[in-house]
Amino acid sequence: MLLIAVLGLISVTGLFLYAAESAKKAQVASTAMITAISVAYDDSPWLDPSVAGTWSSTGTLPNLSSSGWVNGYWVTRSETGLAADVIATDPLSVPAGKVVMQSTRVDVVVRFSQGGNPAASFSTRLIRQATP
Amino acid sequence: MMLRVEPQAEGPREPAGRSQPRPPGQGFTLVELMTAMGMAMVITTVVLSALMQFWRASDRVTVRLAMHSKAALVVDQLSFHLTALQQHTALVAEWVDVGAAGSPDPRMRLLFMRGVFDQNNWDYSSYSDYPTWPMPTSTDLVWELWEWRASNHCLYSATNGQLPRHASGTLPNGSHLNINGVDYGNLDFINLPQPHRLLPLPWQASLNANMLFPTVPGNLATSPSMIPGDVGDWTDLSNNLVPVLTGVSTDAQDPANPASWDGVTDFGIQLRLRNGTVREFTTASAYGTLVIPGVRIDGRPGPTDGDGAQTLADANISGPGLRPDLVRLRWMMRDRRTNTQVPFSFSFPLPGFAVSP
């Protein structure tokens, strides 16, 4: 009887672990990538107060690195660019030329745990409108 | 291995492995029975406890997965629609109590217009000043409303209704649709919701004044079906609201008390304007309305058309027409049955360049 019970418990545990792993994959399929895209376009996401303290950044634009918990994932964001990489000035700004366009590159990696395997990653280029 | 079968003696069969045969007629001792029952109880308790834990964990995983799936649906829809947001139309964010005195009904709203333009969307004729009139051939402008209700913890969405199509043949023979000197005759067109670059408060009343051709003496009188009526106005949007984000499980909810329902228990809207400033509405905020006028994108900085003095330069981050470059939403999904709470935060880039805050 004890043997049967132990075998049953092991089976149940195994099934649960398998189901949990499947659920984790399904969760990744639903929100990991959209979280990555969201953070790519926003260097300071508007987080719930319960996790807002986990988001931290180092450096300043156009070179900025950030990380923290977003939507249940550990997200790391890296934006790099050259301050001198001005691709255009806005002649309509007042005074003219006050606004410049800069190109930066953003890389985002989403993980289930800090230091865990990547669940999703996204890279893009941003054109930033900045005041020099 | 060889098995040997011994002749069975009288009395009950002895348990396997017992070294000494039990004397005939003698049952189990009290100690043996109590030991066996104790072991059975312990094993049963452990198994039941493990199963309970398993089912609870399974429930939580299922609920959490459903929450993420629902969030993905909302983000997918909003991303698609906000990407097509029209910069020339007003944008409204609002946290307002629409309930009667003594029965509050707070709602969080985001209203905007989306669509896709082509070269026929704007009137570039020689007429003096129609910078905000769409051409009648425009077919793809849609007002869109997202509304979260604190009363039942549900997020709703609506778009304007179906647009009636009118062919030029419906006009009286020989007549052209002439509006303030602009001749729209001989055109097939679909009645459109009005873009509304400005929405003076109360913005609902302004949006309800939704006649694409508001001052037409004569022509519309002979063809009243060309009046868009309620299509794309506030009444239309209000009537079309449908729930898109609700609770995950409904069996634990009290029908008599919708405010206690699970679902989206908190909702917030934050707009990052092009000068880097942030305007936000949360359930902890004071009630308020933010109407951001549209910017003129037809290239004609005419300040004397009666709807303000904005020019194309207003679209810049140094001008007063501060359009947002980013819409941020956050909400909390709650399920009390499984004691699960998941906060979600998403940012939606709007058309145009990102700003450097």
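Just so you know, all these numbers are worked out from the coordinates, no wet-lab data involved. Keep in mind the model is a prediction, meaning the values are calculated, not measured. Cβ placement follows ideal geometry from the backbone for every residue including glycine, while neighbour counts extend to all protein chains displayed.
Observations on the model:
- Note on A:Ala26 and A:Ser121: the extension gain reaches 32.6 nm, defined as 0.36 nm multiplied by sequence separation minus the Cα-Cα distance.
- Charge dipole (region A:2-130, unit charges on Cβ, about Cα centre) - positive-most of A:Ser121, A:Gly68, A:Thr58: A:Ser121
- Protection proxy ranking of B:148-158, A:59-69, B:277-287 - average other beta-carbon atoms within 10 Å, highest first: B:148-158, A:59-69, B:277-287
- Averaged over A:49-60, number of beta-carbon atoms from partner chains that fall within 10 Å: 1
- Mean partner shielding of peptide A:34-42, defined as the number of other chain Cβ atoms within 10 Å of each residue Cβ, is 6.
- Positive-end residue of A:Ala83, A:Pro49, A:Leu9, charge dipole of region A:2-130 with Cβ unit charges: A:Leu9
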